[in-house]
Structures are given as C-alpha cells and as structure tokens.
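Bear in mind that the values in this text are calculations on the coordinates, not laboratory data. Just so it is clear, the structure is predicted and the values come from calculations on it, not from any experiment. Reconstructed Cβ throughout: ideal geometry from the backbone, glycine too, with neighbour counts over all protein chains shown.
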Amino acid sequence: MDCDRCSRPAVHYAAYSGSHLCEAHLCRSVEKRVRRRVRSDGLISPAASPDEPETWLIGLSGGKDSVALTQVLQETFAEDPRIRLVCLTIHEGIEGYRDASVDASVELADSLGLDHELLSYAEEFDLEMDDVAREDPEGMAPCAYCGVFRRNLLEAGARKYDADKLLTGHNLDDEAQTALMNLFGGDVRQVAKHFDASLGGFDERGDSEAFVPRAKPLRDVPEKEVALYAHLRDLPVHMAECPHASEAYRGEIKALLLGLEENHPGTRHSIMAGYEELAALAAREHRDDGSGGDGMGANGDGIDDGGVESTDSSDGDSGPALRECERCGAATTQDVCRKCQLVESVHTTD
C-alpha cells in the first residue's frame with residue numbers, strides 16, 4: 001500500500017483517520033501534532049523574549065515517549081532564543097532497568113546539546129525502589145510510592161533550574177486511560193484538578209503558584225505512533241517495561257480502550273475531546289466554590305513512559321489550603337508531605 005500523500009510505501013495505517021503514511025509523512029504528522037499542541041495550549045508565554053527566555057524542563061526517562069518529545073521540541077526550538085530546554089532524568093534504583101534508560105537519556109541529551117540533570121532516589125531519599133518494592137511498609141503497589149517520589153524530584157528539578165514549565169511525555173493512550181479512570185471513579189474534583197494541573201490551556205487554568213505548571217505536548221499522538229516515530233528516527237530508546245509496574249486497574253482500562261479502538265477507531269480521540277470539555281466545566285465550578293485543586297495533577301504527571309501513573313494527587317483531598325511541609329518545605333495540604341511520610345515509613349522498616 002502506498003502513502004496517501006506521496007508514492008512511497010506506507011509504513012503505518014491510522015484507522016482513526018483512514019490514512020496510510022510513509023516513513024517521512026508519519027514523522028511529519030507526529031511533529032505537526034506536537035507543535036500544534038504547543039500553540040493551542042499557549043505554552044510560549046507572550047512575555048518570553050531573547051532577553052528573558054522561558055526555561056522548559058523535560059522529564060526525560062529514556063523511554064519512547066519522553067525521547068520522542070525531546071527530539072521534536074529540540075528541533076522546533078533549536079533556533080528560537082525565547083525557549084531554553086533542559087532535561088531531567090530520575091534514577092529510581094531499579095536493577096537491570098533504569099541504568100539502560102539513563103544511558104539512553106544521556107546519549108540523547110548529548111547528541112542534542114541539551115543541559116541534562118540526573119537525580120536519584122538513593123542520593124535524595126537514601127532509598128532505592130527495589131528495596132521499597134520488597135519491603136512495602138505501607139502495603140501499596142510500588143507505583144504508588146514511585147509516583148510520589150518522582151513528582152517530588154521533578155518539582156525539585158524544576159525549581160533548581162527556575163523552570164517556567166515542566167513537560168512530560170504522556171501520549172494519547174495515557175491520557176485517555178486516565179480520563180476513564182477519573183470518570184469511573186466518580187471524583188469530579190479529581191477531573192477538575194487534572195484540567196488545572198496539566199490538561200487545560202495556560203490561559204484557561206486556575207492559578208497555582210505553589211507548583212511549576214505542567215504540560216503534555218505529546219498527548220494527541222497514539223502510543224503506537226510514538227513508538228514508530230522513535231524507531232524510524234533511530235532515537236536512543238530503552239523499550240523495556242519497569243519490572244515493578246503492577247497497576248492492575250490501569251491495565252484493565254488499557255485493555256478496554258484497545259478493544260474499543262480496534263472496533264471503533266477514533267474512540268481515544270473522542271473520549272479526550274469530551275473529557276477536556278467536561279474537565280474545563282468541572283474546574284470552573286470547583287474554583288468558584290473555593291475547593292480548587294492543589295496543582296499536582298490528577299494522574300501523577302511524573303511518570304512519562306509506559307502509562308503507569310498514580311491517580312491520586314500528592315497530598316490528599318483538594319479542600320485544605322496549601323502550606324509548607326515542616327520537614328522539607330514542599331507544598332502540601334498536611335503538616336508533613338506525603339513524600340516525607342513515605343520516606344520515613346521506608347526507613348523505619350530498615
């Protein structure tokens with residue numbers, strides 16, 4: 001089958017659009033959608049200038065999503081003096097998994113000439129995820145711990161670089177899964193928080209100075225197309241799944257969505273179109289009644305590959321006012337933030 005836009009052989013068929021695309025046009029399509037999302041969400045502040053550029057921190061895990069996002073953004077803004085890109089990679093301490101993805105992250109950042117920071121659970125929290133998963137002091141899935149720790153370090157990295165925005169590589173599948181999980185959970189405030197934290201355009205969100213604003217420029221692109229893009233561009237990618245990934249409910253939602261998409265192409269896109277409109281209404285309603293979200297996001301925002309994310313905000317319900325954690329100074333709704341609580345719990349079992 002030939003590409004619908006030229007005479008070259010097609011490498012991909014997008015059932016939701018009916019398009020057959022060759023290698024070149026598939027890559028252009030992915031890049032176009034990322035750039036369109038950057039524009040539609042208003043990522044570039046009107047105040048950004050060569051004299052006062054914005055800093056965007058990219059959560060670069062070395063997986064296909066964050067690698068593809070970094071590549072597209074660097075090619076888009078390499079000659080734009082208004083935007084400075086910085087990459088942050090987090091080493092959780094997972095033997096046989098994270099070292100390879102760190103290597104991929106370093107290789108990409110070096111090849112693109114980007115500043116690159118590496119933070120680790122071992123250095124920051126004096127623990128590693130392999131030990132946390134084995135001891136499990138709170139009786140939770142490993143992803144529940146990791147989501148809290150990663151969000152904390154992403155925020156810390158963003159603060160270190162004085163970043164104006166924090167970008168993660170969530171793709172269309174990730175976001176559609178989260179949308180269904182939030183809707184099925186029946187928590188309208190969680191839907192509202194999702195909008196204000198990372199889903200709405202920057203001119204539509206509620207104000208939250210406690211956290212660095214998040215963005216997901218890859219969220220219009222299906223996971224399969226992201227993986228194909230990374231392969232066709234020969235990008236350094238670590239494709240393995242985290243050995244501790246065990247979020248059974250998200251797995252059920254993923255399987256459900258894949259089945260619906262196969263039988264009804266375009267399901268993911270239509271879910272997100274409706275969900276974004278509902279989320280905007282929910283966000284306005286809960287801002288008006290004084291119970292807006294804490295800005296951390298409804299789906300974790302800290303894990304950008306593999307679709308394994310916490311569906312909880314970092315510090316409980318959205319009602320209480322934010323304050324500084326009395327131990328680390330992080331924004332929280334409690335005296336001691338969730339990260340500090342979990343770190344203490346892990347070390348208590350040592």
(message) Could you tell me what a quarter of the Cα convex hull surface of the chain works out to, in nm² with one decimal place?
(response) 17.5
(request) Sum -39500 (n - 2.57) across every DSSP H segment of at least 4 residues in the chain, then divide by the residue count to get the 222 nm mean residue ellipticity, nearest 500. (result) -14500 deg cm²/dmol
(request) Specify the angular offset, from 0 to 90 degrees and rounded to the nearest 10, of the alpha carbon long axis of helix 172-185 from the longest principal axis of the alpha carbons in the chain. (result) 50
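First select every other residue whose beta carbon is under 13 angstrom from the beta carbon of Ala273; then total the charges, Lys and Arg +1, Asp and Glu -1.
Computed value for this residue: -2.
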(message) With unit charges on the beta carbons (Lys and Arg positive, Asp and Glu negative) and the dipole taken about the Cα centre of the chain, which residue among His238, Met1, Ala14 sits farthest to the positive side?
(response) Met1
(message) Tell me which of Tyr145, Ser61, Tyr229 sits at the most positive position along the dipole axis of segment 27-323, charges placed on C-beta atoms (Lys, Arg +1; Asp, Glu -1).
(response) Tyr229
(request) Would you mind ranking Lys254, Lys193, Lys32 so that the residue whose beta carbon has the fewest other beta carbons within 10 Å leads the list? (result) Lys32, Lys254, Lys193
(message) If you fit an axis through the alpha-carbon atoms of helix 223-232 and take the longest principal axis of the Cα set of the chain, what angle between them do you get, 0 to 90°, nearest 10?
(response) 60
(message) Can you give me the angle between helix 23-40 and the longest principal axis of the chain, using Cα atoms only, in degrees from 0 to 90, rounded to the nearest 10?
(response) 50
(request) With +1 on each Lys and Arg Cβ and -1 on each Asp and Glu Cβ, and nothing else charged, work out how big the dipole of segment 27-323 is about its Cα centre, in Debye to the nearest 20. (result) 1060
(message) Springs between alpha-carbon pairs under 10 angstrom, Gaussian network model over the chain: which of Asp136, Asp103, Asp288 fluctuates most?
(response) Asp288
(message) Restricting to DSSP loop positions (anything but H, G, I, E, B) with no more than 15 other Cβ atoms inside 10 Å of their own Cβ, which trypsin sites (Lys or Arg not before Pro) remain in segment 61-161?
(response) Arg82
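Are there any GluC sites (Glu not before Pro) in segment 45-144 that are in a DSSP loop and have at most 16 other Cβ atoms within 10 Å? List them by number. Spell out each step's value before the answer.
Details: sites: Glu54, Glu75, Glu79, Glu92, Glu95, Glu107, Glu117, Glu123, Glu124, Glu128, Glu135, Glu138; in loops: Glu79, Glu92, Glu95, Glu128, Glu138.
Here the GluC sites (Glu not before Pro) that fit, given the DSSP loop and packing criteria, are Glu79, Glu95, Glu138.
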